[in-house]
Amino acid sequence: MKAIVLFSGGLDSLLATRIIQEQGIEVTGLNFATPFYDRSEPAQKAADALEMELIVYRTGNEYMEQIAHPRFGYGKAVNPCIDCRIEMYRVAKEQMEQFGAGFVVSGDVVGQRPNNQMQHQLRLIQRESELDGYIVRPLSAGAMIPTQPELQGWIDRKRLHRYTGRGRGRAIALAHRLGIKKIPPMSTGCFLCEKSYAPKVFDLFQHEPHPTNWDAEILNAGRQLRISPKVKMVLARNENHCKRLEELFARSDARPSILLIPESFQGPTAILIGEEIQESIELAGTLILRYTNSDKYDPSAATIRVCRHSSQTVIPAGIVK
């Protein structure tokens, strides 16, 4: 018997995997990586420790459409958790059928997260993903109705658990009993669940009816400055952001954009995105100077390199008023 496990590399998914492995079932991990939450690297390390194959599924632009227009709405921020979980299980079902597995495993704990782990939400998710009766949640199985793998005798229900609600202590204790020595740290979580992150996502959705992964990735590359309804400027906050903006600008899926790099002084890289960006170059140069230490450049001699996808020019940076 084989199973597919939704595997983030966090403690709950690690425990769920180990519990099923101990029943002699071959498990393949499925890591779901999005522009807002990507733990594929730590998940791979955790999968290696469990001697388990890991598949990393990276979402495409169709996922962004689902985030922008969720069927089941948002949580307290811009987090469409139910829609997201349905998509995860839909992908897991495809992998289950491809690998000839009998069911899907999840580290869900009933009541742990109010956005997608209440009993009625879990039932909704498994019904909408067409996996009703074939999702095993080893940490909370005892608090739920038996699944087909339990009823068919593929797994022993008595060896599953009935955890509910929050609390990391019991999970750590279980990890020690299962021989798991390295306890993963708590994840920072998905950006979409952060209230402070929501305004720039809503701004993207308001001005771009068909957002892409590129749009999502650039949200994490600096200050988001809305210059006009059709033009946005992203201004790097640090050296990593500067490098990231150059990488995103060079990508084949980049939006129409212009990259601005300080030429005669050290300052933040910026990118202009939109349909009418040519008219905003002078303003962008002025904003770059605003966010540069004035002791480190001569305003009268400051220049920036303007990079278009087909050419580059060097112009005065602008005037700081």
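The string of couplings for the stretch 134-140 from the Karplus curve (6.51, -1.76, 1.60, θ = phi - 60°) is 10, 10, 9, 10, x, 7, 10 Hz, one whole number per residue in order, with x for Gly and Pro. Normalised Debye scattering of the stretch 56-149 at q = 0.12, 0.14, 0.18 Å⁻¹ gives log10 I(q)/I(0) of -0.38, -0.52, -0.85, counting only Cα atoms as equal scatterers and leaving out solvent.
Per residue, the chain reaches -10000 deg cm²/dmol at 222 nm when only DSSP H runs of four or more residues are counted, each adding -39500 (n - 2.57). Express in % the proportion of alpha carbon pairs of the stretch 2-177 at distances exceeding 23 Å. That fraction is 36 percent. Relative to the globular-protein estimate of 2.2 N^0.38 Å, the Cα radius of gyration of the chain stands at 1.21. Normalising the average separation of contacting C-alpha pairs (under 8 angstrom, six or more residues apart) by the number of residues puts the relative contact order of the stretch 22-133 at 19 percent. Just how far, in whole angstrom, is the stretch 181-239 from the stretch 25-65 if you go by their alpha carbon centroids? So the two Cα centres are separated by 21 Å. Computed 3J(HN,Hα) for the stretch 272-277, one whole-Hz value per residue from the Karplus formula 6.51 cos²θ - 1.76 cosθ + 1.60 where θ = phi - 60°, is 9, 10, x, 8, 10, 7, glycine and proline marked x. Listed from fewest to most Cβ neighbours within 10 Å, the set Tyr74, Tyr89 follows the order Tyr74, Tyr89.
Semi-axis lengths, largest first, of the ellipsoid equivalent to the stretch 221-316 are 20, 14, 13 Å, with √(5λ) applied to each eigenvalue of the Cα gyration tensor. Note on Lys195: lysines with a C-alpha under 20 Å away, same-chain residues under 8 apart excluded, are Lys76. When each of Met96, Met52 is scored by the number of other beta-carbon atoms lying within 10 Å, the sequence from fewest to most is Met52, Met96. Taking the number of Cβ atoms within 10 Å of each Cβ as an exposure proxy, the fewest-first ranking of Thr269, Thr303 is Thr303, Thr269.
Taken together, the values in this text are just the output of simple stated rules run on the coordinates, not laboratory data. All of these numbers come straight from a predicted model, not from anything done at the bench. As a convention, Cβ positions derive from the backbone with ideal geometry for all residues, glycine included, and neighbour counts pool all protein chains shown.
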